[in-house]
Amino acid sequence: MKKLVMVGSLVAVVSAVIMMIAISPAAAGPKKTIAVSQFENKSGWSGQWKMGWGMQEMMATSLINTGKFTVLERQDLSAIMAEQDLGASGRTGKGSAAAIGKLGKSQILISGAVTEFEEKKGGEGAGFGFKGFRIGGSHEQAHVAINVRIYDTTSGEVLDSIRVTGTADAGGLKLGYSNSDFGGDLGGFRKTPLGEATQEAIDEAVQKIASRLKSVPWQGKLIKATPSKVYINSGSKGGMDDGMEFDVYRPGEELVDPDTGMTLGAETEKIGRVKVTSVKEKYSIAKIVSGSDMQRGDLLQSD
């Protein structure tokens, strides 16, 4: 009889664990929106391979691969902003100006600085070779160190600052030709010990970023409101699901530092709560659970 009771208890525990696993994706909530800035090179390394762009691309790809974030494209941000500024100046033909305000706003910004970036080859010296020729000695060691900062773009607050490192080793004699220090070829770079060390550091950074952002509530906005329902600026692509509930806040006056001109944030007032009833690809519809007089631009926040 005791054995039957123990077996029954074990089955109940296993069932409970399976249930927790099954509901965990829904409990994760919507995906936070992240932008990655171009990395800064503080390592002293120089070459024609574009380190800042390459690191940015590797970080963005790793963040996307987690499936936990919506990562905004920022590689061409400078060119887009320049085009928008030109259009706003009136120096372009009618109808040809780029529309201002079409860039998606991120909730989180990731910036990085490469502080150590080195490759040593036993018996052959360091670096990538002479005039494009790459000769690998019997042993290669690569080391990369990156400092990463996580920003809340609304307040400008630095949420966290982390340091990550990566190392890689390779053996055997190798002879090859690499023009222009990989010439911006990110795929070719990834196959080298230095590329492997960089990817190791990036992956460690992404794990720490994901862990840190678990405590940061998701934020969104209302794009339209009626007396009975609202429209939210996130849909199935952003991880929204039926039944999710959010508090709604009315943003107050923006607070600006009188000395620096820096935005310090704004006071907010809770005005109600909504529950998602229909999810589209890029937006969602929610019914109003409590509160009234909701407006376009009101803020949403998860628990």
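The values are calculated or read from the model by the stated rules, or taken from the named source; none is laboratory data. Everything numeric here is computed off the predicted structure, so don't read it as measured data. So basically every Cβ, Gly included, is an ideal-geometry build from the backbone, and we count neighbours across all protein chains shown.
Scanning region 236-247 for residues being farther than 22 Å from Ile64 by Cα, in a loop (DSSP other than H, G, I, E, B) and of a type in the set (A, V, I, L, M, F, W, C) gives a total of 1.
Inspect region 226-235 for any residue being outside any loop (DSSP other than H, G, I, E, B), out of contact with any strand residue (DSSP E or B) (no Cβ under 6 Å at 6 or more places or on another chain) and touching a residue at least 40 places away in the same chain (Cβ under 8 Å) and give the result as yes or no. No: region 226-235 contains no residue that is outside any loop (DSSP other than H, G, I, E, B), out of contact with any strand residue (DSSP E or B) (no Cβ under 6 Å at 6 or more places or on another chain) and touching a residue at least 40 places away in the same chain (Cβ under 8 Å). Of the residues making up region 257-294, those that are without any contact (Cβ under 8 Å) to a residue 40 or more places away in the chain and assigned to a strand (DSSP E or B) number 11.
Checking the stated criteria, Ile162 turns out not to satisfy the condition of being closer than 27 Å to Ala60 by Cβ, touching a Leu at 6+ places or on another chain (Cβ under 7 Å), at pLDDT 70 or above and in a strand (DSSP E or B).
Residue count for region 145-160, restricted to those that are of a type outside the set (D, E, K, R) and farther than 27 Å from Glu253 by Cα: 4.
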